[in-house]
Amino acid sequence: MQDVEEKELEKRSVETRTILREVKETTEMELLRQIAGRLQGIEERLKAIEREIGKEVGEEILGDVDGKIIDFVKKNGKACAEDLQRAFNYRGKNAASARLNKLHSQGLLEKRQAGRRVYYFAK
């Protein structure tokens with residue numbers, strides 16, 4: 001009789017541990033979901049702040065030529081170094097490419113590569 005009771009007790013103990021483990025895993029997953037949701041909200045707010053700061057910095061730092069380049073990109077929808085070279089009479093593509101890259105690193109232009117060409121788009 002005692003063996004049956006001990007086996008039943010052990011069985012219930014195993015069931016209890018299994019239930020506790022499942023509850024713990026569920027709780028951990030829910031906490032991870034909550035953390036992920038909060039992180040996503042923080043990332044969105046940070047991006048909005050960066051965009052706002054980028055606008056302020058861009059307005060203060062932009063020189064005449066950079067402003068004209070951004071206007072050129074907006075007007076044409078996109079531009080590559082060769083387009084800039086022709087439009088602004090650069091001697092080579094390197095100078096035009098460097099200027100576009102600088103504007104991209106300041107967060108004022110988006111950059112996408114298509115084959116060997118890199119196109120820049122206004123944000």
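The values are calculated or read from the model by the stated rules, or taken from the named source; none is laboratory data. The model shown is predicted, which means the values in this text are computed figures rather than measured ones. Heads up, the Cβs are rebuilt from the backbone with ideal geometry, glycines too, and the neighbour counts pull from every protein chain shown.
Yes or no, residue by residue, for (1) closer than 15 Å to residue 123 by Cβ; (2) charged (D, E, K, R); (3) at pLDDT below 90; (4) assigned by TED's automatic domain parsing to the domain that holds residue 121:
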| position | (1), (2), (3), (4) |
| --- | --- |
| 68 | no, yes, no, yes |
| 71 | yes, yes, no, yes |
| 83 | no, yes, no, yes |
| 86 | no, yes, no, yes |
| 97 | no, no, no, yes |
| 105 | yes, no, yes, yes |
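Counting only helices (runs of 4 or more DSSP H) that sit completely within the range 15-123, those holding 1 or more residues that are touching a residue at least 40 places away in the same chain (Cβ under 8 Å) correspond to 64-76.
With 54, 92 as the choices, which residue is within 14 Å of residue 123 (Cα to Cα) and either modelled with pLDDT under 90 or exposed (fewer than 10 other Cβ atoms within 10 Å of the Cβ) (or both)? Give the derivation first.
Numbers: 92 fails: within 14 Å of residue 123 (Cα to Cα).
Of the residues listed, the single one that is within 14 Å of residue 123 (Cα to Cα) and either modelled with pLDDT under 90 or exposed (fewer than 10 other Cβ atoms within 10 Å of the Cβ) (or both) is 54.
Which condition number in (1) closer than 26 Å to residue 118 by Cα; (2) at pLDDT 85 or above is the one that residue 42 fails? The single condition residue 42 does not satisfy is (1).
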